[in-house]
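Report on the following structure.
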Amino acid sequence: MKLPRVDDVLAEAVLAGHRVVYALRKRAVQARLAELRARREEGEAPTAEAVARTVAGRLDELVRVRPEAVINATGVLLHTNLGRAPLGESAVAAMVAAAGACALEVEVESGKRGSRMTWVRPLLQALTGAEEVHAVNNGAAALLLACTTLGRPGGVVLSRGQMVEIGDGFRVAEMATAGGVRVVEVGSTNRSHVGDYAAALDAGASAILWVHLSNFRQTGFVHQASLRELHALATERGVPVIADLGSGSLGEIGDEPTVQSYLSEGADLVTFSGDKLLGGPQAGILAGRTELVERCRRHPLARALRLDKTGVAALHATAAAHACGTALPLQARIAASVAELRGRAEAIAAALGWPASCVRASEATIGGGSLPGDVIASVAIAVPTEHPDRTARVLRMGTPGVIGRVQEGALLLDLRSVGPDEDAGLIAALRRVV
Ligand SMILES: *Cc1c(COP(=O)(O)O)cnc(C)c1O
């Protein structure tokens, strides 16, 4: 098979006039030709024009807006692979407003250097009840910063029952110690007592680390010294209790602990994510005693982990929404009644001319390392298809993409993780495909 020459493919009109720069076009053509060569197919070679068309299509894909917006119909509200919490309108507007020059670290009145936390601080202090707060890039960064700052020289004590692995193979104990601080493991998988912690502190440990069992539960013959007990011990020994909460709820959601409850039970410093139950952007928040937060803020790592201006903007808008009692999309989705979801599902099915039997009871989850095992009653639309996996793929690749869930041979679109403002887009996407 005689393949066309690189220059001939590049000279084809679809590529010669393509908006992508020449070097990239050339690379893409070379890559495509190498692919065809590797296949060693018999018969007619593709024309220069055919190769050019394929390459042009790939280049278009490469430079269009990414990550593209999708509709999360998985029924998992905080889906890490789908960007976790959907931002509220005010957070989106704040990010756009901060895109250009913005008063990020300047006191406009005096013209002097200010702090990017100036406006976020008082809101998060009031909402969490913490003496002081600081925000960094994400929850893992907050944990790393806290342990690196406060865990020297003797390391942090951690129960073997709290050695949590979160998504993608990352382990909390490893993240906490990535800054060179030692973990002093105590207790057993199922039982850890105050005395275990006391012995580790006697041996010179510098802080206690408490990790919320965000994505699993233990039952049976289990015991974990409580935060209150550890607080009493830590106070006596003059070391801090760092509590990695992860989820970071400010209000009651199931039996998920809140930031306030951790602080009142005796955590000296709580770390949590901005894009889990807080319903905001990716961020990591440290909330607790002034002296501890201040030490973390002054650590050189804080500079490496700092939150960018659009994150600051969205975090501020999210905190302001909590402060004003404005429902954020995540909170609205959690609170939606089953009747409401059913009404929407029926309207969508009717708009598509699908039978009412497509509308089914379903079970959604919050996800994002919160409320493991808990489900929320929900409603799903079962897509009428003979090939659920194939249709799921076609839907994912639509515009907008729709991400459903295949369960017991049915392709389900769970409405609890879909905003009511997305229904029209969902109908349009389904109409194009099914
Ligand atoms: C999610 C989570 C983290 C990591 O937070 P990110 O914001 O994803 O970096 C750390 N610890 C716990 C317990 C978590 O649930």
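The values are calculated or read from the model by the stated rules, or taken from the named source; none is laboratory data. Note that the structure is predicted; figures quoted are calculated from it, not measured. Cβ sites come from the backbone with ideal geometry, for glycine too, and all protein chains shown count toward neighbours. These area figures cover heavy atoms from the full protein model, side chains too; ligands, DNA and RNA do not enter into them. Shrake-Rupley method; radii C 1.70, N 1.55, O 1.52, S 1.80 Å.
Per-residue extension of 0.36 nm, minus the Cα-Cα distance of Thr385 and Arg66, leaves a gain of 111.9 nm for this segment. For the chain, the solvent-accessible area with a 1.4 angstrom probe is 48 square angstrom per residue. Scanning the chain for DSSP H helices at least 20 Å long along the axis (C-alpha atoms) with a Kyte-Doolittle mean no lower than 0.5 picks out 309-324, 338-352.
Working from label points 7 Å from Cα in the Cα-to-Cβ sense, the Asn81 to Ala97 distance is 3.6 nm.
With the helix formula -39500 (n - 2.57) applied to DSSP H stretches of n ≥ 4, the chain reaches a computed 222 nm mean residue ellipticity of -12000 deg cm²/dmol.
Out of the total accessible area of the chain (probe 1.4 Å, heavy atoms of protein only), what percent is carbon and sulfur?
Numbers: 11100 of 20820 Å².
Carbon-and-sulfur percentage of accessible area, whole number: 53.
For the residues Ala101, Ala392, Ala302, a GNM of the chain with alpha-carbon springs under 10 Å puts the largest fluctuation on Ala101. Around the amide H of Ala45, modelled in the peptide plane, lie the amide H atoms of Lys2, all under 5 Å away and 5 or more residues distant in sequence or on another chain. Most tightly packed first, judged by the mean number of other beta-carbon atoms within 10 Å of their residues, the peptides 177-186, 359-368 read 359-368, 177-186. Label the stretch 183-334 by shape, choosing from rounded, prolate and oblate, from the square roots a ≥ b ≥ c of the eigenvalues of the Cα gyration tensor; if a/c is under 1.5 it is rounded, and otherwise prolate applies when a/b is larger than b/c, oblate when it is not. Oblate.
With the gyration tensor restricted to C-alpha atoms of the stretch 246-358, the semi-axes of the equivalent ellipsoid amount to 38, 17, 11 Å, longest first.
Note: the chain, Cα convex hull, 206 Å³ per residue.
Basic side chains Lys and Arg get +1 at the Cβ, acidic Asp and Glu get -1 at the Cβ, and with that the dipole of the chain about its Cα centre reaches some 1260 debye.
Largest accessible area first, the listed residues Leu263, Leu341, Leu24 line up as Leu24, Leu263, Leu341 when surface is computed with a 1.4 Å probe on the assembled protein chains. Here the Gaussian network model covers the chain, with springs between Cα atoms less than 10 Å apart; of Gln30, Gln282, Gln162, Gln30 fluctuates the most.
Taking amide H atoms as placed 1.01 Å from N in the peptide plane, the amide H of Gln224 lies under 5 Å from those of Ser192, each 5 or more residues away in sequence or on another chain. Residues in the stretch 269-277 carry Karplus couplings, in order, of 8, 10, 10, 7, 8, x, 10, 9, 5 Hz; the curve used is 6.51 cos²θ - 1.76 cosθ + 1.60 with θ = phi - 60°, and Gly or Pro positions show x. Taking every protein chain into account, the 1.4 Å probe leaves Lys26 with about 70 Å² of accessible area, to the nearest ten. Label point of Arg342 set 7 angstrom out along Cα-Cβ; within the stretch 371-407, amide nitrogens under 17 Å from it belong to 376-382. Remark: spin-label model distance Glu105-Ala335 equals 3.7 nm, labels positioned 7 Å along the Cα→Cβ axis. Taking a point 7 Å out from the Cα of Glu35 in the direction of its Cβ, the residues of the stretch 1-28 whose backbone N falls within less than 17 Å of it are 3-6, 9-10, 15, 24-28. Annotation for the stretch 38-54 versus the stretch 231-252: alpha-carbon center distance of 63 Å.
Going from most exposed to least, what order do Phe221, Phe170, Phe216, Phe272 have by accessible area with a 1.4 Å probe? Don't skip to the answer; put the middle values down first.
Values: Phe221 145, Phe170 115, Phe216 70, Phe272 0 Å².
Ranked from most to least accessible, the order is Phe221, Phe170, Phe216, Phe272.
Measuring only protein heavy atoms, the 1.4 Å probe finds Val65 accessible over about 120 Å². Taken along the Cα-to-beta-carbon direction at a fixed 7 Å, the label points for Lys2 and Lys26 span 2.5 nm.
Just want to confirm a number: the relative contact order over the stretch 1-72, from Cα pairs under 8 angstrom separated by 6+ residues, in percent.
Relative CO of the stretch 1-72 lands at 46 percent.
Dipole magnitude for the stretch 108-172: about 200 debye, using +1 per Lys or Arg Cβ and -1 per Asp or Glu Cβ, origin at the Cα centre.
Peptides 243-249, 410-416 ranked from most to least packed, by the mean per-residue count of other Cβ atoms within 10 Å: 243-249, 410-416.
How would the stretch 1-138 be classified by its alpha-carbon gyration tensor: rounded, prolate or oblate, with rounded meaning a/c under 1.5 and the a/b versus b/c comparison settling the rest? Please list the in-between numbers first.
Values: a/c = 4.18, a/b = 2.49, b/c = 1.68.
Verdict is prolate for the stretch 1-138.
Rolling a 1.4 Å probe over the protein heavy atoms leaves Tyr262 with an accessible area of roughly 10 Å². Could you work out the local net charge near Leu286, counting Lys and Arg as +1, Asp and Glu as -1, over the other residues with Cβ closer than 13 Å to its Cβ? The answer is 0.
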